[in-house]
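This report concerns only the one structure given below.
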There are 2 protein chains.
Amino acid sequence: MQNFSIGKLSEQTGCKIPTIRYYEDEGLIQQPYRTEGNQRRYNREHLKRLSFIMHSRELGFTLDEIRELIGLSNNEHVGHDADLIAEKHFQSVERKIARLQSLSKELRNMLDACSHAETDRCKVIEALFDHSLCLNEH
Amino acid sequence: MQNFSIGKLSEQTGCKIPTIRYYEDEGLIQQPYRTEGNQRRYNREHLKRLSFIMHSRELGFTLDEIRELIGLSNNEHVGHDADLIAEKHFQSVERKIARLQSLSKELRNMLDACSHAETDRCKVIEALFDHSLCLNEH
DNA sequence: TCTTGAACCTCTAGTTACTAGAGATTGTAG
DNA sequence: CTACAATCTCTAGTAACTAGAGGTTCAAGA
């Protein structure tokens, strides 16, 4: 099923219609084909791209970072350049995974605790506290 | 080392000064002690809280979601209520981890490919494309 | 103790990433 | 060939910051 309207794209992805148009203005989504009457018509590539953007946003990437990731996927950067960008994102992704795993563990603990006991002080905040930030005192 | 200025807090965490004041206005950070001359003085609790907020933001949580997580940590919700909130966040965290792992794998592949070969079309976008979103066609 | 410049204060206005609404045009089921 | 839902553009509003103006406070050094 190709050539669908902005309403269908919005429905399929859960992305609001004005947001889709905004991403187009920002150059994050390829300009779609237009009907005689100037209405947008999308295909599977647009769907894939929009899905990528939405997930990236949920994961905390900025639009500029997403632009860079799209560039990588399109082989717009070559060799060393691409290497550096990919490495940078790889490291930030690994850090995010580590933090989320720590948070996940604390939430899991909470759920386990709540089911049988009562007031165990939860350590959700400690989970994402970066101890390397401690002010110097020992 | 207790009782430090907003400048020191900013330096320790990497959070800009106006942002720290903004989080205070939003009730995300406890109001700090003020000197005679009305200047803010912070302690380790503030540092921990701010560090948590910053990491949560990087991980894509909204300020409202962060408020909820802080509420959990403070035992402001009890029993079933807390359970539901924790469960909701636990699931969203697990989904984020899965997506980041997929993205991490693709970036790793890119880095490995770049080091020996040349133009392998990267699958960064496919990594975060949710196939359950596919339009119906088979 | 007194000075003086860096750091802090509040308040207003600008930026990014959306989101909602007004008013006009187009697409399509009946 | 209607009629009305969906689309169009454009302007303005929201969330989460961020920068700057104009004024006050803090603390190191004379």
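Just so you know, all these numbers are worked out from the coordinates, no wet-lab data involved. This structure is a prediction, so every number in the text was calculated from the model and none was measured. Using ideal geometry, Cβ is built from the backbone for each residue, glycine included, and neighbour counts are taken over all protein chains shown.
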Exercise for review: Return the distance in nm (one decimal) between the two label points of a simple spin-label model at B:Q2 and A:Q2, each offset 7 Å from Cα along Cα→Cβ.
Suggested key: 7.0 nm
Check your understanding: Under a point-charge model restricted to the Cβ atoms of Lys and Arg (+1) and Asp and Glu (-1), what is the dipole moment magnitude of the protein assembly as shown relative to its Cα centre, in debye to the nearest 20?
Key -> 260 debye
Review point. Any idea what the relative contact order of the stretch A:1-61 is, in percent, if you count C-alpha pairs under 8 Å spaced at least 6 apart?
Key: 39 percent
Check your understanding: Looking at the axis that maps chain B onto chain A, which chain B residue has the closest Cβ, and how far off is it in Å, rounded to a whole number?
Key -> B:G60, 2
Review point. Under the classification rounded if a/c is under 1.5, otherwise prolate if a/b is larger than b/c and oblate if not, where does the stretch A:1-61 fall, given a ≥ b ≥ c as square roots of the Cα gyration tensor eigenvalues?
Key: prolate
Review point. Relative to the other copies, what are the label-point distances for A:K123, with labels 7 Å from Cα along the C-beta vector, expressed in nm at one decimal and sorted shortest first?
Key: 3.8
Review point. Taking only Cα atoms, what is the 0 to 90° angle, nearest 10, from helix A:44-58's long axis to the longest principal axis of chain A?
Key: 30 degrees
Point to revise | Using θ = phi - 60° and Karplus 6.51 cos²θ - 1.76 cosθ + 1.60, couplings along the stretch B:30-43 (whole Hz; Gly, Pro as x) | key: 4, 5, x, 4, 10, 6, 3, x, 6, 8, 6, 10, 9, 10
Exercise for review: Please tell me the relative contact order of chain A in percent, rounded to the nearest whole number, where contacts are Cα pairs under 8 Å and at least six residues apart.
Suggested key: 16 percent
Exercise for review: Report, in degrees rounded to the nearest 10, the 0 to 90 angle that the Cα long axis of helix A:63-73 makes with the longest principal axis of chain A.
Suggested key: 70 degrees
Check your understanding: If r is the Cβ-Cβ distance from B:R41 to B:E76 and R0 is 22 Å, what FRET efficiency results, to the nearest 0.05?
Key -> 0.30
